[in-house]
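The values are calculated or read from the model by the stated rules, or taken from the named source; none is laboratory data. Here the structure is a predicted model, which means the values were calculated and not measured. Don't worry about glycine lacking a Cβ; one is built from the backbone with ideal geometry, like all the others, and counts go over all protein chains shown.
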Amino acid sequence: MRYTVGSQEITAVRGAALAIEQGDFISIVGHSGSGKTTLLSLIGGIIRPTGGQVLYEGADICAMDDDGLSHYRNEQIGFMFQFASLLPRLTVRENLLLPAVFRPRQAEPADAVSRKAAELLRMVGLEDKINAYPAQLSGGQQRRVAIARAFMNRPALILADEPTGDLDEATEQEMMDFFTAMNRTEGTTFVMVTHNTDLACRTKRRLIMQQGALREE
Amino acid sequence: MTMSTSFTLFSIAIKNLRRKPLRTAILVFAIGMLVSALIFILSFVKRVDSAITATSDRLGADIILVPTGARGAAEDVLLESRVKSFYMSRSVLEKIKKVRGIDAFTEQTYLVSITGQCCDVPETVVVAFNQQTDFIITPWLHKKLGRRLQRGEALVGEESALNISVGLTDVDGILFGNIFKMVGVLDRTGTGLDTAIFIDESNIEGILTKGKSALKPGQISIVFIKVKSGADPVVVANEIEDSIIEVDTVTRKDIGRSVLSTLRDLKRVFVAAMLIVALLSVFLVWTVFSAIANERSWEIGIMRAIGAREGHISRLFFIEVLCIGCVGSVLGVAAGTTASVLIIKNFMLLKSVATDLTVPDRLLIALLSFVAGTLICVAGALSPIQRLKKLEPLLAIKEE
């Protein structure tokens, strides 16, 4: 799979076929620059490849128009970015509600959305920070809000890029327990990029990425 | 823990406008200035246009006859309430009777009152008119007095009434050495006659006897002519000028020509100025929104990554643009309307022009200016918004 940055064409994944089943919990490990983030971005549809296919439930997302792709990202995918991804001018509550703002109207009543956001915030232990701004939170707290936001629209697939990077060990384990529970009870599929081999061992499948090539451990 | 439920693109847009209040205020101010300038100019132009049209309509004459070279002076008196006098021989009335196509005519004589010399009223034009043949003043006279003016009586134009303190009670005034009883105030005509004093021309004899005016026996100032139905005023006017060499004619459509000519030039200047201001405004908005686009490309990337469509991004920015445009335009309408009411009166061109804009005129000007201001704001932001919404999410995120 290839994509273009400016005039440069980059081969992200070479000669790989990756099949992800519903309910999978996959970890991807590899050195920096091996293409892990790009792989997640291609699966998540936030960059279009110039070659290759990404099939979601049989439909090639690369062939979708912009609205179709946006719908896919909003409804089917929950993305946890590697970096701080909260919008700085919105409160914690507003950052959480953001995915719901982009859903089709009447997808869910506003009350239900608000209750869901409150529940997610409670699950990541930040119910007292609803009205705080990201600048008032620690890196770890911002990370947890971003994790909660990824679950807002009940996506079928979570793409998590170093989701526990800023967290202390105890909180890291807590979040993994949360992911595992969601995978088990809700059937949410996880594809998680991590450098942490301990966390990778807790997943059902482990893949190694090396210079764009993918192999299963 | 409870959460209030409303969070929409509109909420995000308002938050974005509030994040840089000074920048938002500057944009609002710029649009406001543009709109107020537009209102000022449109009000000025419309007011002069309306005044000239109203004057030529209200005079009720198709042709005005004046002494040769006195066209300008006549317009000064009729349109701009200036105090002027000009005379020609009364014998032209006999010559007019021989011209084809004339239905009716009436003469008036203009005398200039000079306080302390001949009169005890402020400087004004005293109009001696022929009540037998008149069709200019009589419509208003009958409404107010219900009878003809007698000798020794005078009617006062609405604006002169303030100067002479004519109101509910009769006031005596000395005009050209003769005492006149001011028996009433004429309704506003919207012409220069609003500043005049009116007497029957039978009083001229007494005025000539006292010798306190420049008028000589057998002189008149102006003749108002109505043409017959179907007759072309231009053709009749040409025939008058061909047959009576000591007069000039002004047809209804040419009344105010010199003012209109000045106004046309002013309009061109104003239009050019407005175009420059509008272009500058578009450029300012474009510059600011281009800066906003650069600042917020990362945020837009995040939004797109979590499912915002191009339409969401467009809508978000258009809400911001429309808020700026509408608020700026509303403030501009308020400021411009105030300026057009207060400041415009200081323009010589309008100082003496009697008509003000009607409420429907003001509303239409306000609405047009509001729409123009908002559209100019939108036009400036179009290009940056187009660029933003097309950003690839990952590339936008990586640009940070």
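Checking B:Phe44, B:Phe105, B:Phe86, B:Phe29 one by one, the residue that is modelled with pLDDT under 90, more than 14 Å from chain A (Cβ to nearest Cβ) and either closer than 30 Å to B:Phe317 by Cα or in contact with a strand residue (DSSP E or B) (Cβ under 9 Å, 6 or more places away or on another chain) (or both) is B:Phe86 and no other.
Conditions tested, residue by residue: (1) over 30 Å from A:Leu86 (Cβ atoms); (2) away from chain A (no Cβ under 14 Å).
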residue: B:Arg309; (1), (2): no, no
residue: B:Phe317; (1), (2): no, yes
residue: B:Leu322; (1), (2): no, yes
residue: B:Ser329; (1), (2): yes, yes
residue: B:Ala334; (1), (2): yes, yes
residue: B:Thr338; (1), (2): yes, yes
residue: B:Val341; (1), (2): yes, yes
residue: B:Asn346; (1), (2): yes, yes
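Taking every residue in the range B:386-397 that is touching a residue at least 24 places away in the same chain (Cβ under 8 Å) and under 17 Å from B:Trp286 (Cβ atoms) and pairing it with any residue that is surrounded by fewer than 22 Cβ atoms within 10 Å (Cβ to Cβ) and of a type outside the set (A, V, I, L, M), at least 6 positions away or on another chain, the pairs with Cβ-Cβ distances below 6 Å are B:Lys389/B:Glu310; B:Lys389/B:Ser314. Just one of the listed residues (B:Asp200, B:Asp194) is modelled with pLDDT of 80 or more and not β-branched (Val, Ile, Thr), namely B:Asp200. What do you reckon, is B:Glu310 surrounded by fewer than 20 Cβ atoms within 10 Å (Cβ to Cβ) and without any contact (Cβ under 8 Å) to a residue 24 or more places away in the chain? No; evaluated as a whole, the condition is false for this residue.
Table: residues versus (1) in contact with a strand residue (DSSP E or B) (Cβ under 8 Å, 6 or more places away or on another chain); (2) charged (D, E, K, R); (3) at pLDDT 90 or above.
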| site | (1), (2), (3) |
| --- | --- |
| B:Val259 | no, no, no |
| B:Asp265 | no, yes, no |
| B:Arg268 | no, yes, no |
| B:Ala273 | no, no, no |
| B:Ile276 | no, no, yes |
| B:Thr287 | no, no, yes |
| B:Ala293 | no, no, no |
| B:Ile306 | yes, no, yes |
| B:Ser314 | no, no, yes |
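Among the residues in the range A:185-192, are any touching a residue at least 12 places away in the same chain (Cβ under 8 Å) and closer than 20 Å to A:Ala84 by Cβ? The answer is yes, given that some residue of the range A:185-192 is touching a residue at least 12 places away in the same chain (Cβ under 8 Å) and closer than 20 Å to A:Ala84 by Cβ.
Let's see how each residue does on (1) assigned to a helix (DSSP H, G or I); (2) more than 19 Å from B:Asp103 (Cα to Cα); (3) not assigned by TED's automatic domain parsing to the domain that holds B:Ile324:
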residue	(1), (2), (3)
B:Gly230	no, no, yes
B:Val234	yes, no, yes
B:Glu241	yes, no, yes
B:Leu266	yes, yes, no
B:Ala272	yes, yes, no
B:Ile276	yes, yes, no
B:Leu279	yes, yes, no
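Of everything in the range A:167-205 that is under 19 Å from A:Gly44 (Cα atoms) and touching a helix residue (DSSP H, G or I) at 6+ places or on another chain (Cβ under 6 Å), the residue that is modelled with the lowest pLDDT is A:Thr194. The single condition among (1) buried (at least 20 other Cβ atoms within 10 Å of the Cβ); (2) in contact with a helix residue (DSSP H, G or I) (Cβ under 7 Å, 6 or more places away or on another chain); (3) under 30 Å from A:Phe151 (Cα atoms) that B:Arg296 does not meet is (2).
Only one residue in A:Ile158, A:Ile77 is surrounded by 17 or more Cβ atoms within 10 Å (Cβ to Cβ), of a type in the set (Val, Ile, Thr) and touching a Phe, Trp or Tyr at 6+ places or on another chain (Cβ under 7 Å), so which one is that? If you could, list the steps in order and put the result at the bottom.
Details: A:Ile77 fails: touching a Phe, Trp or Tyr at 6+ places or on another chain (Cβ under 7 Å).
A:Ile158 is the lone residue from the list that is surrounded by 17 or more Cβ atoms within 10 Å (Cβ to Cβ), of a type in the set (Val, Ile, Thr) and touching a Phe, Trp or Tyr at 6+ places or on another chain (Cβ under 7 Å).
The residues of the range A:148-168 that are outside any loop (DSSP other than H, G, I, E, B), in contact with a strand residue (DSSP E or B) (Cβ under 6 Å, 6 or more places away or on another chain) and more than 12 Å from every other protein chain (Cβ to nearest Cβ), listed by number, are A:Leu157, A:Ile158, A:Ala160. Contact annotation: no residue pair with Cβ atoms under 6 Å, 6 or more positions apart or on different chains, pairs a residue in the range B:338-351 that is at pLDDT 80 or above and surrounded by fewer than 13 Cβ atoms within 10 Å (Cβ to Cβ) with a partner that is in a helix (DSSP H, G or I) and of a type in the set (Lys, Arg).
On the given criteria, is B:Val250 within 29 Å of B:Val183 (Cα to Cα), in a strand (DSSP E or B) and in contact (Cβ under 8 Å) with a residue 40 or more places away in the chain? Criteria not met by B:Val250.
Grab the helices (runs of 4 or more DSSP H) fully contained in the range A:27-142, keeping just those with 2 or more residues being more than 19 Å from the chain's Cα centre (by Cα) and within 11 Å of chain B (Cβ to nearest Cβ).
Result: A:66-75, A:110-123.
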